[in-house]
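Throughout, read-outs are computed from the coordinates displayed, never taken from laboratory work. Note that the structure is predicted; figures quoted are calculated from it, not measured. Here the Cβ positions follow ideal geometry from the backbone for every residue, glycine too, while neighbour counts run over all protein chains shown.
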Amino acid sequence: MDNNQPGYRYPSIEMRKSSDRRILYVIGVLILITLVIFLVSKNKQTNPQVTQPTPTPISNQQGASPSATPSLTIGKRIKTTGCISTNGLPDKACTPGDIDPKVTQDNIQSTICVSGYTKTVRPSVTYTNNLKIQQIQEYGYSDTNPKDYEEDHLISLELGGSPTSEANLWPEPYNANLNAREKDKVENYLRSQVCTGKIILQQAQLQIANNWEEVYQKITH
């Protein structure tokens with residue numbers, strides 16, 4: 001209707017005020033939303049979220065779940081002289097154990113769990129015999145006859161131990177109460193546990209590096 005036509009009624013002051021309030025309310029909400037979005041965006045830029053890795057507990061339990069992934073605690077040789085074997089176990093400072101990075105939990109079925117695998121990675125007798133003579137001196141044995149020792153991989157090859165690392169090889173005496181022959185039983189047992197999924201590879205490596213004699217006592221008593 002034309003505003004100038006007879007009968008046209010101009011909006012009342014109250015109606016205009018109500019309409020103005022609605023408009024102001026909408027504008028205010030939009031401003032508030034824009035401000036919130038701006039503040040959130042600015043906060044993300046100045047304080048980016050950093051995902052921290054979850055610490056993985058070290059487990060030494062044979063019955064631990066295969067889904068767990070404990071960290072393997074082994075290290076470099078701290079010393080190369082004055083090594084002392086205690087109760088048939090190596091000096092941790094001289095022989096902490098070492099692993100072969102090519103062997104992982106994901107590929108055990110194509111590496112250590114394959115019959116004859118260790119033959120493919122075992123170092124030459126010349127290498128181990130020369131190292132045995134050297135380490136007999138490092139351990140200060142009074143008996144220096146190499147035939148009385150086995151140059152043993154602390155973390156065995158069948159458990160993914162390093163084939164050539166001096167941190168993983170040591171002259172294990174045959175005349176100890178528990179010697180290399182008993183350790184072979186532990187190696188076979190732990191390999192079976194790993195390959196059947198009862199424990200994971202790193203758990204077995206940790207157990208044999210820390211104290212394989214404890215494992216032997218468990219499986220024979």
Q. Taking the condition out of contact with any helix residue (DSSP H, G or I) (no Cβ under 8 Å at 6 or more places or on another chain) and either surrounded by 14 or more Cβ atoms within 10 Å (Cβ to Cβ) or farther than 27 Å from V103 by Cβ (or both), does T128 pass?
A. yes
Q: Take the residues in the range 193-208 that are of a type in the set (A, V, I, L, M) and under 15 Å from the mean Cα position of the chain (by Cα), then tell me which one is farthest from P163 (Cα to Cα).
A: I199
Q) Only one residue in L154, L131 is of a type in the set (A, V, I, L, M, F, W, C) and over 22 Å from the mean Cα position of the chain (by Cα). Which one? A) L131
Q: Go through (1) in contact (Cβ under 8 Å) with a residue 60 or more places away in the chain; (2) assigned to a helix (DSSP H, G or I) and name the single condition A167 misses.
A: (2)
Q.
Just to be sure before I move on: is N177 out of contact with any Ser or Thr (no Cβ under 8 Å at 6 or more places or on another chain), in contact (Cβ under 8 Å) with a residue 12 or more places away in the chain and either crowded, with 16+ Cβ neighbours inside 10 Å or not in a helix (DSSP H, G or I) (or both) in the structure I sent?
A. yes
Q. Quick one: how many residues across the range 198-221 are touching a strand residue (DSSP E or B) at 6+ places or on another chain (Cβ under 7 Å) and of a type in the set (D, E)?
A. 1
Q: Only one of these is polar (S, T, N, Q), part of a loop (DSSP other than H, G, I, E, B) and farther than 23 Å from E182 by Cβ: T95, T126, T144. Name it.
A: T144
